[in-house]
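Visitor: Can you keep this structure in mind? I'll have questions shortly.
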Amino acid sequence: MRGFFTFSQLGLVAVVATVVGVAASTTSRAVSDQMKARPDLSAQMQPGPRMPAQGGGHPPMGAAMGGMSNMAPKGPAFEPATVCKQCHEEIFRDWSQSMHAHAREAWYFSHKVGSERMGMTCNNEHNVAVPCQTCHEPAGVYPLGAVMQGRPAAIAATEGVSCDVCHRITAVKGTGDFAFGPKNTKRGPYKDAKSPYHKTSYAPLIAKSDFCVACHGQLQNLNRLTVCDTVRTWRESRYAREGKTCQSCHMPGATGAAATGKLAPADAPKNRALHRHLFRGPHNDPALLREAATVKQTVAKSADGGLDIRVTVTNSGTGHDLPSGLPDRLITLKVEAKDRAGIVVWQNWRDDPYHEDRQAAFGLFGFNPKGGPVPPMGASRIDRLNLLPEQTRALTYRVPPEIAQKTVSVESRLTYFTARRENAEYFGTWGLAGMQPKPMAEVVTAVR
């Protein structure tokens, strides 16, 4: 059986998002309850069918770390998010459900430990070498000494992209290239923010998509091929022209109190315009995924009794490329003709959408110099099949007369997957924490 990929049921990595909200507060309370409020993402998934890998396997993922001297902060270690929770409990609860909180557990990243993980790197839009840790485990990079010595920063290092990471950024030069301010000053979108526990600073950048470039701009693999380009595709879209930021979709607005924890000041404002820290995406918001694309279908009988099927898929609901973020994300279109018993009598692909029906596969498909499939992060050639904002792909199919006469319905389904199974197995993460593949859209047409 010839196969390019199968799909894993792994945890979904973060979609484009940025942290916006009130400045995080700090106290000296113990942080032993850090993990208690975080959701359990450890459910084991049932493995799906496995396709054989082709052509030489996978290359090494990284080289020596580079660019660290440009990014190391001069301030002290990071505060654990549970410290912030004591004043900002509802914000903490939202964040705990997000992939920012679990960025360290992303399957591409979490299989490596210690020096191996630190050796994984990409290049950003300015050709600066960016270690993967910079965005997946930022508190494990700044400073490493505090983490290794087991001080509170070690707890912060397990939290992925935490409150203190985003609310201490003072400047974003490019993807993975940003600067931090002092530990006791928290930066946010309010000019009048006050806290009895830390200093505050107004930071309009934190409410703009330019802030998201810190981790969601352009990244290239070691062969200088672009593998992540979320913010650039947004900048060239109608969404950017209309002023719709990353935060508009991924951090829905609300009204209420930003400080709601047990140590929140009694005089804290109760009716602020807030942005929830959910960082909406396929991992926690099925509705957002269903709004991402539109599928339309027409079915017509031809003169010889066959069926002519036309399906269009439009990136109608996202302000960036689809799929976006982790380069191994995939979307497939499955078209099936069924008989009266509901049995599939015809389909556009059976095992491998890329090789059997290339246009029915959406995403980035990487190859090594021998033409074998590899993860995009290690590819020397990439076939780019994702959709830009508002882009439409039209697919046409022909069902022969002998099958058409049995057909009573035609169904087209769009489905979101995290990655190919062989890639996940290479990284040692197949079957780890994750979520089921997600339905995006479905159209059923009766045939008479």
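Visitor: Hey, any hits in segment 320-327 for a residue that's in contact with an Asp or Glu (Cβ under 7 Å, 6 or more places away or on another chain), crowded, with 18+ Cβ neighbours inside 10 Å and not acidic (Asp, Glu)?
Guide: no
Visitor: Which is part of a loop (DSSP other than H, G, I, E, B), surrounded by 15 or more Cβ atoms within 10 Å (Cβ to Cβ) and in the same structural domain as Ser316 (by TED's automatic domain parsing), of Pro369, Pro389?
Guide: Answer to the selection: Pro389.
Visitor: On to the next question. Mind listing whichever residues of segment 319-355 are over 18 Å from Glu442 (Cα atoms) and among the hydroxyl-bearing types (Ser, Thr, Tyr)?
Guide: Ser324, Tyr354 - these are the residues of segment 319-355 that are over 18 Å from Glu442 (Cα atoms) and among the hydroxyl-bearing types (Ser, Thr, Tyr).
Visitor: For Val313, which of the numbered conditions (1) in contact with a Pro (Cβ under 6 Å, 6 or more places away or on another chain); (2) in contact (Cβ under 8 Å) with a residue 60 or more places away in the chain fails to hold?
Guide: Single failed check for Val313: (1).
Visitor: Here's something else I'd like to know. Within the set of pairs 6+ apart or on separate chains, which have a first residue in segment 81-107 that is assigned by TED's automatic domain parsing to the domain that holds Glu159 and at positive phi, a second that is modelled with pLDDT under 90 and surrounded by fewer than 24 Cβ atoms within 10 Å (Cβ to Cβ), and C-beta atoms under 8 Å apart?
Guide: Within 8 Å, no pair qualifies.
Visitor: Continuing with this model, one more query. Could you check segment 351-363 and list, in sequence order, the residues that are small (Gly, Ala, Ser) and outside any strand (DSSP E or B)?
Guide: Ala360
Visitor: Take segment 333-350 and flag every residue that is outside any strand (DSSP E or B) and among the aliphatic types (A, V, I, L, M).
Guide: Ala341, Ile343
Visitor: If you don't mind, there's one more thing I want to ask. I'd like to check which strands (runs of 3 or more DSSP E) are fully inside segment 253-310 and have at least 1 residues that are charged (D, E, K, R).
Guide: By residue number, 272-275, 294-301.
Visitor: Here is a further query. Quick one: which residue in Ala273, Ala287, Ala264, Ala268 is at pLDDT 85 or above, more than 30 Å from Leu387 (Cα to Cα) and out of contact with any helix residue (DSSP H, G or I) (no Cβ under 7 Å at 6 or more places or on another chain)?
Guide: Every option except Ala273 fails the conditions.
Visitor: Looking only at segment 324-366, which residues are farther than 16 Å from Tyr397 by Cα and without any contact (Cβ under 8 Å) to a residue 24 or more places away in the chain?
Guide: Correct list: Ala341, Gly342, Ile343.
Visitor: While we're here: Within segment 142-172, restricting attention to residues that are crowded, with 21+ Cβ neighbours inside 10 Å and part of a loop (DSSP other than H, G, I, E, B), which residue is modelled with the lowest pLDDT?
Guide: Per the criteria, the residue is Tyr142.
Visitor: Moving to a separate point now. Which condition does Thr175 not pass, out of (1) under 22 Å from Asn127 (Cβ atoms); (2) touching a Pro at 6+ places or on another chain (Cβ under 6 Å); (3) at pLDDT below 90, if it passes all the others?
Guide: Answer for Thr175: the failing condition is (2).
Visitor: Can you tell me which residue is farthest from Lys338 (Cα to Cα) among those in segment 428-448 that are modelled with pLDDT of 65 or more and out of contact with any strand residue (DSSP E or B) (no Cβ under 7 Å at 6 or more places or on another chain)?
Guide: Among those residues, the one meeting the criterion is Gln436.
Visitor: Determine, yes or no, whether Val130 is modelled with pLDDT under 85, in contact with a Cys (Cβ under 7 Å, 6 or more places away or on another chain) and crowded, with 20+ Cβ neighbours inside 10 Å.
Guide: Yes; evaluated as a whole, the condition is true for this residue.
Visitor: Can I ask one more? Kindly establish whether Met377 is at pLDDT below 95, of a type in the set (A, V, I, L, M), assigned by TED's automatic domain parsing to the domain that holds Gln297 and closer than 21 Å to Leu333 by Cβ.
Guide: Criteria not met by Met377.
The values are calculated or read from the model by the stated rules, or taken from the named source; none is laboratory data. Everything numeric in this text was worked out from a predicted model, so none of it was measured. For neighbour counting, all protein chains shown are included, and Cβ atoms are generated from backbone atoms with ideal geometry for every residue, glycine included.
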